[in-house]
Amino acid sequence: MSSKPCFSWEEKRVEVTTPEEFQRRLNRIERLSEEAQLCIQDVRESIETDHFEEELQCAEMAVGNAGMAYSELLEELALTNEGVQLLNEVRKVVAPAIESLREELRHIGKLKSKEG
């Protein structure tokens, strides 16, 4: 359990104009998703503790940040013809991972509400 946020959201956004920037953005989404998964694990471990709400807020924020980074990438890819070609591939790979994080968080919330 931690009292500090378990993610690093503050990064300068740069338009996706090169393959390197595209890969950097995908890596960022992956990193944010991994951090969100760690926060979700902290929530699971804190279900029966006084720290549950704090850990839940951290996880919600982390999942939201991963989702926001994904949405921003999709928006930027949609602005160019080349980007539109990548957009559907990104959706196939990243969307299920982001939705899985959201679903895990919902499931934990349901477990906690059944206990209370």
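The values are calculated or read from the model by the stated rules, or taken from the named source; none is laboratory data. All values reported here derive from a predicted model rather than from experimental measurement. For neighbour counting, all protein chains shown are included, and Cβ atoms are generated from backbone atoms with ideal geometry for every residue, glycine included. The area values use the complete protein model at the heavy-atom level, side chains included, leaving out ligands, DNA and RNA. Shrake-Rupley method; radii C 1.70, N 1.55, O 1.52, S 1.80 Å.
Looking at the chain, do any whole DSSP H helices span at least 30 angstrom along their long axis by alpha carbon and average -1.0 or above on Kyte-Doolittle, and which? Numbers along the way, then the final one.
Working: long enough: 19-45 (39 Å, -1.17); 52-77 (37 Å, 0.05); 81-115 (50 Å, -0.55).
The qualifying helices are 52-77, 81-115.
Across the chain, where is the longest run that never hits GluC sites (Glu not before Pro) in a DSSP loop with at most 11 other C-beta atoms within 10 Å?
Numbers: sites that count: Glu10, Glu15, Glu48.
The longest such stretch corresponds to 49-116.
What is the percent carbon and sulfur in the accessible area of the chain, measuring with a 1.4 Å probe over the protein chains and ignoring ligands?
Details: 3890 of 7340 Å².
The nonpolar share, carbon plus sulfur, comes to 53 percent.
Counting each DSSP H run of 4 or more residues in the chain as -39500 (n - 2.57), what helix-only mean residue ellipticity at 222 nm follows after dividing by all residues, to the nearest 500 deg cm²/dmol?
Working: 3 runs with 88 residues, N = 116.
The helix contribution divided over the chain gives -27500 deg cm²/dmol.
The chain: longest stretch without exposed trypsin sites (Lys or Arg not before Pro) (DSSP loop, at most 12 other Cβ within 10 Å), sites themselves excluded? List each step's numbers first, then the result.
Values: sites that count: Lys12, Arg13.
Result, exposed sites excluded: 14-116.
Match the structure shown to one of the listed values [x] 51.4, 176; [y] 15.9, 51; [z] 13.7, 51 of Rg and Dmax of the Cα atoms in Å, computed from it, and give that label.
[y]
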